[in-house]
């Protein structure tokens, strides 16, 4: 349930609600029905089916541009070959000499290929080589000499969220390493194989991560090559202390089950150890990571010169992180940075070593805002705080060391806007690069001479421009002009608004969608969609005319999305407002503005629906149970119904352990309020969900049955956290139509 990976809200409708206390904004005017216009269900279906197409020329060349290594062009696969587009002139030329490349492949493989057989590749060796796959082989091709190497890849292993683990090439491209049966192996390009570790089991994983580290610490890798290709640092996960959760595959006459190591709050975590192995001598050195085994060791990274291997150590409470550097020959470590937070450390910090091997950049929220700091690597001494803009800075996107410039994205306007910024390595020259209010995403060229800016706002469909490093616009790549077909639909632009938090202390953002046939004389039901939770963000200043919420509104609903105390983009102190009380603050704010919304004459607060998936499923259930007089209809997907059921890292980060915060766990549990259900609740869950286990839904079902409550339930066989059956989103819409009675035109 890690932030920025919450794709489990796959079909989330992203809605919420609104109200400005002092003065109601100008209301949209009713649209006159015309026989030639599409409205209602037909308009909903058209937007669902063709919304993106009707955006016209607003997509294309933008945030997804693939730069050539020289930074002077982009490339794409078109008409069966790769074409290079000159970044200044737009002229297209062949990216490769296809004839030479195919000749090399045909000679090596004894084939007679006449055109390229791959549509994706990666540059290697600073752009001198490329690697691609075909015919069950991996190829490495030297662009200058046309020399070709090939090898048989290892079978990929699928991990958390579908992450595929296979061969990892050494920096010198002479070896590849991989895991098999929980041990680490190395092969040279002739296929000679050597085991670097032995004794691996499902409970003792060498170089292969467990479930919770990738999910909650973004620690997908579990081994790292040294820059000189002589050593490999790797993690060892001891899963033996961790409780096992049974996942049952029961669509066959004889069910099959698997046991998943899944640490829950207050229980045992995996024990993690760090090692470095010499690929020539096979000598293994264990790093001295401390006597406390109940910690998190993650984010392994070699220094640029390979003299040290660094890692993060986070305490169990997750409010203190320490950076250590280890001597690869002896395993002895030194502490070179410590950071703390009064509540919890956000794991998405940046650590970037500069090329001089003497300094590094670090992002921290210690001031209450994520800022960028410059440190001395040898001593750990703070050299300078480089930013103090209170944006906050989201991450470090790139460092142009030749010019001494750091590029980074940041948030403004209550976190609803994203902009690009730069600052010099001496802390001067802080500049906002993007000008228009809205949401910007830049893509820097490898040489930092150019960047593309992909931008949209409430009023502006997504457009892309090419800019010089100084911000000068060179040309428009994609104009962001909606098609006449979309304009002819006469959709109503969603209304952005501010409302007060339940405690009256903060202005919060909301966005309201209207059907094209909106008439203020009618009474409309309201649907809110929520992901929620720490670090989430609902309202962004971006184009909203063809999204799922706009489509849903056409069925005769008011659809809304809102923020609450604890969302991201407003500083760490604001985000900490939910600490130790998940679900409580969010619900208070949603209740407050739904009640305030009732002051609008066209809003029927006796017909309010809410929906969400994962954390949003949890919040949906909690809203129906804890505020039954406010929320009448809920559709919940894969809900966490009691935080004692979820994983230790995520839950303890925000709630501590159950023994430390019994009141918070009780007040945040859906089970506590089962007897209060009055409305219509529809729960959906995948039967083999390894993220939010079906246990959550089963426990809530039992609690509701004990109270003799009526509810609806759908279980999806062989579905994990993301439910792929089309029946899931369709049934949500049907449920709201049946029980909320939208205004039909």
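What follows is calculated from the coordinates using simple rules that are stated; it is not laboratory data. Everything quoted here is computed from the prediction, not taken from an experiment. No Cβ is skipped: glycine too gets one built from the backbone with ideal geometry, and neighbour counts run over all protein chains shown.
General remarks:
- Gyration tensor (alpha-carbon) shape descriptor, the range 269-361, a/c threshold 1.5: oblate
- Cα-based helix-to-principal-axis angle, 98-109 vs the chain, degrees rounded to 10: 70 degrees
- Beta bridge orientation in the chain: antiparallel %, DSSP, nearest 5: 85 percent
- Translational diffusion coefficient (Stokes-Einstein; Kirkwood radius from C-alpha pairs) of the range 592-745 at 25 °C, 0.890 mPa s, in µm²/s: 152 µm²/s
- Within the chain, helix-based [θ] at 222 nm, where runs of 4 or more DSSP H residues each add -39,500 (n - 2.57), nearest 500: -4000 deg cm²/dmol
- Volume in Å³ per residue [convex hull over Cα atoms, computed for the range 69-136]: 91 Å³
- 0 to 90° range, to nearest 10: angle between helix 40-50 axis and the chain longest Cα axis: 10 degrees
- Taking other Cβ atoms within 10 Å as a rough exposure proxy, 529, 457, 501 sort from fewest to most as 501, 457, 529.
- Ordered by the count of other Cβ atoms within 10 Å of each Cβ, fewest first, 140, 610 give 140, 610.
- Degrees, to the nearest 10: 727-740 long Cα axis against longest axis of the chain: 20 degrees
- Over the Cα atoms of the range 73-393, the radius of gyration divided by the Kirkwood radius equals 1.01; this is the Rg/Rh ratio.
- The chain: relative contact order in percent, alpha carbon pairs under 8 Å with at least 6 residues between: 14 percent
- Annotation: average projected area of the range 129-206 is 6.1 square nanometres, based on the convex hull of Cα atoms across all directions.
- Placing one equal scatterer on every Cα of the range 495-611 and applying the Debye formula, the log10 ratio I(q)/I(0) at q = 0.14, 0.15 Å⁻¹ is -0.58, -0.66.
- In terms of overall dimensions, the chain has a Cα radius of gyration and Dmax of 27.3, 81 angstrom.
- Fewest-first sequence of 254, 714 by Cβ atoms within 10 Å of each Cβ: 254, 714
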